[in-house]
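J.: Could you have a look at this structure, given as structure tokens, before my questions?
The values are calculated or read from the model by the stated rules, or taken from the named source; none is laboratory data. What you see is a predicted model, and the numbers here were worked out from it, not measured in a lab. Cβ placement follows ideal geometry from the backbone for every residue including glycine, while neighbour counts extend to all protein chains displayed. These accessible areas exclude ligands, DNA and RNA; they are computed on the full protein's heavy atoms, side chains included. Shrake-Rupley method; radii C 1.70, N 1.55, O 1.52, S 1.80 Å.
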Amino acid sequence: MGMTLSQKILAAHAGLKEVKAGQLINSEIDLALANDITGPVAVKEFKKTGANQVFDSKKIAFVMDHFAPNKDIKSAQQCKICREFANEQNIENFFDVGKMGIEHALLPEQGLVGAGDLVIGADSHTCTYGALGAFSTGVGSTDMCAAMLSGECWFKVPSAIRFSLKGKPAKFICGKDIILHIIGLIGVDGALYKSMEFTGESVKYLSIDDRFTICNMAVEAGAKNGIFPVDEITLGYLNNRFKREVRIYKPDADAEYEKTFEIDLSKLKPTVAFPHLPENTKTDWDEIAIDQVIIGSCTNGRISDLRIAAEILKGRKIAKNVRTIIIPATNEIYLQAIREGLAEIFINAGAVISTPTCGPCLGGHMGILAENEKTVSTTNRNFVGRMGHVSSEVYLASPYVAAASAVTGRLTSPEELL
């Protein structure tokens, strides 16, 4: 049998003509990523080895985003460890306050990841870069350490599930609805350690931001990675941005897939994941009053997401007793939102705009929930206590649903505001 798209990339980086599902390989990496939570652990292990120098200071990135700007002394210490290590090792791609951003939005924006790459990151949502036709996946901090030493990482070659997309999405349907629908269909372990390969005639209807969102949440179905084929939309994004050679891989005609799911995008409705799992999806619901709305994160903090939120909030006011926090994913996105007048729309509506940060997504800061509070959030996880008190509830949704809910003060589908 032939190889899937992910297997082609793994084989090429391992210097092998072919690989098969379940095979253990060592592959060269194009980039290794860590943040202010996982980075200090990797640095500590690196120093234990007695090594003096990383394998390539240009192929390592550290992004201070989870608790930065620092919320307390411990988070300040974490960032200090990474900052000092980056200075010692002359790591080019070190992003701190002032030039920071949420890592999985920042690295593509900066042209550090692209088509044909093999990227690992000590963060589970590293799978985001599959939107660009890269094999990218999360690893532990000790694997990050080994990669910084050797420039390689070991992999068990994953098998694959194919998702064939057809139909044109309706108004108010975006990448978040698509991936929530898929996770609801297959479950949070439905793609355990497998590649989720997105194909079909309707890929052309998905913006690069839609694809980032879909691949970002592949891990919420248990996947090793998610990946899209490279097309004109991909190349348009990478043009004059990506700093290395574009390498386009295609699956073999006889590539083996464990399953194939056909997804008709034209039939999808705004989809919300109810507490406390991303698979607990619904397209209709009873009235649920909310306390907070979060629009941001590595899943939905890009400029297209902010434009969607502004489309809903323009000329409207946020409901009384609802806190609405807008978090641009990078400084460039923040500036663009200011230039386009989106920031003014948000403030006039009664929202607050945060510096780029992961912030409340992981219960970090900038929007922690109190006892029994409910939030509609464009983030990617809604586990028990994920964003604060163990009795709080997180409803995962698109920017359309999140903004509409901010206006009404209850979980709301955007069609209600027409």
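J.: Find, among the trypsin sites (Lys or Arg not before Pro) in region 169-236, those assigned to loop by DSSP (not H, G, I, E, B) with at most 11 other beta-carbon atoms within 10 angstrom.
T.: Numbers: sites: LYS171, LYS176, LYS194, LYS204, ARG211, LYS224; in loops: LYS171, LYS194, LYS224.
Qualifying residues, ordered by number: LYS171.
J.: Excluding residues on the same chain fewer than 8 positions from LYS269, give the aspartates and glutamates whose Cα lies under 12 Å from its Cα.
T.: Answer for LYS269, where 12 Å is the Cα cut-off: ASP177, ASP284, GLU415, listed by chain and number.
J.: Here's something else I'd like to know. Relative to the present Cα-Cα distance, how much length would full extension add between ASP284 and GLU28 at 0.36 nm per residue of separation?
T.: Working: separation 256, 0.36 × 256 = 92.16 nm, distance 4.64 nm.
Full-extension gain reported as 87.5 nm.
J.: Rounded to the nearest whole Å², what accessible area per residue is found for the chain with the 1.4 Å probe? Mind showing how you got there, number by number?
T.: Values: 16170 Å² over 418 residues.
Accessible area per residue: 39 Å².
J.: Modelled label-to-label distance, VAL384 and LYS166, 7 Å Cα→beta-carbon offset: nm?
T.: According to this spin-label approximation, the distance is 4.2 nm.
J.: With Rg and the Kirkwood Rh both taken from Cα atoms, where does Rg over Rh land for region 222-289? The partial results should precede the final answer.
T.: Numbers: Rg = 18.3 Å, Rh = 16.7 Å.
Here the Rg-to-Rh quotient is 1.09.
J.: What value, in deg cm²/dmol to 500, does the helix sum -39500 (n - 2.57) over DSSP H runs of n ≥ 4 give at 222 nm once divided by the residues of the chain? Spell out each step's value before the answer.
T.: Numbers: 13 runs with 124 residues, N = 418.
Helix-only estimate at 222 nm: -8500 deg cm²/dmol.
J.: For LYS168, which aspartates and glutamates qualify as cross-link partners when the Cα separation must be under 12 Å and same-chain residues fewer than eight apart are set aside?
T.: Correct list for LYS168: GLU201, ASP264.
J.: In sequence order, what are the phi-derived ³J(HN,Hα) couplings for region 138-149 according to the Karplus relation 6.51 cos²θ - 1.76 cosθ + 1.60 with θ = phi - 60°, rounded to whole Hz, with x for glycine and proline?
T.: Going residue by residue, I get x, 9, x, 5, 6, 5, 4, 4, 4, 5, 5, 7 Hz, with x marking Gly and Pro.
J.: Taking N as the number of residues in region 1-57, what is its Cα Rg relative to 2.2 N^0.38 Å? Walk me through the numbers before you get to the answer.
T.: Details: Rg = 15.5 Å, N = 57, 2.2 N^0.38 = 10.2 Å.
This ratio for region 1-57 stands at 1.51.
J.: For the chain, state the semi-axes of the equivalent ellipsoid (square roots of 5 times the eigenvalues of the alpha-carbon gyration tensor), sorted largest first and rounded to whole angstrom.
T.: Working: eigenvalues 210, 140, 68 Å².
Those come to 32, 26, 18 Å.
J.: Show which aspartates and glutamates lie in cross-link reach of LYS74 when reach means a straight Cα distance below 16 angstrom and same-chain residues fewer than eight apart are skipped.
T.: The reachable aspartates and glutamates, counting only those whose Cα sits under 16 Å from LYS74, are ASP36, ASP65, GLU84.
J.: Place a point 7 Å from Cα of SER124 in the direction of its Cβ. Which residues in region 378-418 have their backbone N less than 11 Å from it?
T.: Hits in region 378-418 for SER124 at 11 Å: 380-384.
J.: Right, next: Using modelled amide H (1.01 Å from N, peptide plane; none on Pro or chain starts), what sits under 5 Å from the amide H of PHE94, excluding residues fewer than 5 places away?
T.: Long-range HN contacts for PHE94: PHE62.
J.: If you average over every viewing direction, what projected area does the convex hull of the Cα atoms of region 87-213 give, in nm²?
T.: Numbers: hull surface 38.6 nm².
The Cα convex hull of region 87-213, projected and averaged over all directions, gives 9.7 nm².
J.: How many angstrom lie between the C-alpha centres of region 98-177 and region 376-402?
T.: What the calculation gives is 22 Å, centre to centre.
J.: Moving on. How much of the accessible area of region 44-195, in percent, comes from carbon and sulfur atoms when a 1.4 Å probe is used?
T.: Working: 2590 of 5340 Å².
Carbon and sulfur: 48 percent of the exposed surface of region 44-195.
J.: What ranking of HIS104, HIS365 comes out by heavy-atom accessible area, probe 1.4 Å, highest first? Intermediate results must be reported in sequence, preceding the final value.
T.: Details: HIS104 0, HIS365 25 Å².
Largest accessible area first, the list is HIS365, HIS104.
J.: Of all DSSP beta bridges in the chain, what percent run antiparallel (nearest 5)?
T.: On the way: 10 of 53 bridges.
Taking every DSSP beta bridge within the chain, about 20 percent pair in antiparallel fashion.
J.: Same structure again: Between LYS267 and ARG307, 0.36 nm times their residue separation minus their Cα-Cα distance comes to what? Each step should come with its number before you reach the end.
T.: Values: separation 40, 0.36 × 40 = 14.40 nm, distance 2.38 nm.
Extra length from LYS267 to ARG307 when fully extended: 12.0 nm.
J.: Also, quick follow-up: Using 7 Å Cα-to-Cβ label points, what is the GLU92/LYS48 separation (nm, one decimal)?
T.: 3.1
J.: Can I ask one more? Local charge sum around TRP154 (other residues, Cβ-Cβ under 12 Å, Lys/Arg +1, Asp/Glu -1)? Provide the component values of the computation, followed by the final result.
T.: Values: positive: LYS156; negative: GLU28, ASP143, GLU152.
That works out to -2.
J.: Using packing as a proxy for protection, rank 328-338, 259-269, 302-312 so that the peptide with the highest average count of other Cβ atoms within 10 Å comes first.
T.: Numbers: 328-338: 21.0, 259-269: 14.6, 302-312: 23.6.
Averaged packing, sorted descending, gives the order 302-312, 328-338, 259-269.
J.: So which of LYS44/LYS99; LYS317/LYS374; LYS59/LYS282; LYS17/LYS267; LYS8/LYS166; LYS44/LYS250 end up more than 30 Å apart, counting from Cα to Cα?
T.: Numbers: LYS44/LYS99 25 Å; LYS317/LYS374 19 Å; LYS59/LYS282 42 Å; LYS17/LYS267 41 Å; LYS8/LYS166 25 Å; LYS44/LYS250 39 Å.
Cα-Cα > 30 Å for LYS59/LYS282; LYS17/LYS267; LYS44/LYS250; rest within.
J.: Loop only by DSSP, 13 or fewer other Cβ within 10 Å of the Cβ. Give me the GluC sites (Glu not before Pro) in region 72-139 that pass, ordered by residue number.
T.: On the way: sites: GLU84, GLU88, GLU92, GLU103, GLU109; in loops: GLU92.
Filter output for region 72-139: GLU92.
J.: While we're looking at this one, here's another question. Expressed as a whole percentage, what fraction of the accessible surface of region 304-417 belongs to carbon and sulfur atoms when a 1.4 Å probe is rolled over the protein heavy atoms?
T.: 51
J.: So, one more: Could you calculate the contour length gain from LYS250 to SER57, that is, 0.36 nm times the residue separation minus the distance between their Cα atoms, to one decimal place in nm? Don't skip to the answer; put the middle values down first.
T.: Values: separation 193, 0.36 × 193 = 69.48 nm, distance 3.03 nm.
Stretched fully, the LYS250-SER57 segment lengthens by 66.5 nm.
J.: What do the square roots of 5 times the Cα gyration tensor eigenvalues come to for region 31-83, in whole Å, largest first, as semi-axes of the equivalent ellipsoid? Write out the running numbers ahead of the final one.
T.: Values: eigenvalues 87, 34, 11 Å².
Rounded to whole Å, the semi-axes are 21, 13, 7.
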